[in-house]
Amino acid sequence: MTALARPTHGRMLGGVCAALARRFGTSATTMRVIFLVSCLLPGPQFLLYIALWILLPSEDKARTAW
């Protein structure tokens, strides 16, 4: 597994789904579909996405931190 950081390439909105896909070894499309399907269920999915967008560092910033 890789470190959790939002990629600079291959992201659509904030890069959260792409980061989670890299972390868990799936495709970004699969992770986006899982997120969209989860939005049909009650819960704070959008708030979690926004929180991860804010809290996860961008890939270029994470590289300079190491």
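The values are calculated or read from the model by the stated rules, or taken from the named source; none is laboratory data. All of these numbers come straight from a predicted model, not from anything done at the bench. Here the Cβ is made from the backbone with ideal geometry for all residues, glycine too, and neighbour counts use every protein chain on show. For accessibility, only protein heavy atoms count, side chains too; no ligands or nucleic acids. Shrake-Rupley method; radii C 1.70, N 1.55, O 1.52, S 1.80 Å.
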Legend entry - Carbon + sulfur, % of accessible area of the chain - ligands and nucleic acids excluded, 1.4 Å: 71
Legend entry - Computed magnitude of the charge dipole of the chain (debye, nearest 20; Cβ of K, R +1, Cβ of D, E -1): 80
Legend entry - Once the Cα gyration tensor of the chain is diagonalised, semi-axes √(5λ) in Å: 21, 13, 9
Inset, instruction - Over the chain, average the accessible area per residue using a 1.4 Å probe and give it in Å², no decimals. - result: 73
